[in-house]
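This report concerns only the one structure given below.
The values are calculated or read from the model by the stated rules, or taken from the named source; none is laboratory data. What you are looking at is a predicted structure, and each value in this text was computed from that prediction instead of being measured. Neighbour counts are summed over all protein chains in view; Cβ atoms, including those assigned to glycine, are modelled from backbone coordinates with ideal geometry. Heavy atoms of the whole protein, side chains included, go into the accessibility calculation; ligands, DNA and RNA do not. Shrake-Rupley method; radii C 1.70, N 1.55, O 1.52, S 1.80 Å.
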Amino acid sequence: MNIFVARLNFKTRREDLEAAFAQFGQVTSAKIVKDRDTGRSKGFGFVEMANDEEANKAIAALNETELDGRTIVVKPANPKAPGEGGATQS
DNA sequence: GCTGAGCGC
């Protein structure tokens with residue numbers, strides 16, 4: 001289950017998201033989206049969880065909650081668009 | 001050093 005997390009604090013790290021979602025279930029992967037050129041945080045990220053049911057309740061539990069001092073928005077992520085850099089999704 | 005909707009190379 002891929003989860004989209006927005007309005008994060010600019011100093012929030014991947015391990016912060018991973019720890020936040022790990023409280024509700026097993027986090028397969030966590031990632032903060034940073035700018036490709038500057039390398040600064042864009043203020044949003046993605047979290048992947050092993051169990052979908054834990055992911056759903058983690059979304060409901062962490063959505064519109066305070067993380068690192070900022071209210072975050074958590075919701076299901078959209079499928080990554082196929083491109084020259086990404087692997088083709090079956 | 002900064003900002004604040006939205007979707008990752």
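Could you grab me the full set of residues in region A:1-42 that are more than 20 Å from A:Ala61 (Cα to Cα) and assigned to a strand (DSSP E or B)?
A:Val33, A:Lys34, A:Ser41, A:Lys42
For region A:1-17, which residues satisfy the criterion of being more than 12 Å from DNA strand B (Cβ to nearest atom) and surrounded by 14 or more Cβ atoms within 10 Å (Cβ to Cβ)?
A:Arg13, A:Asp16
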Every residue from region A:29-49 that is at pLDDT below 95, more than 10 Å from DNA strand B (Cβ to nearest atom) and open to solvent by less than 100 Å² (accessible area, probe 1.4 Å):
A:Gly39
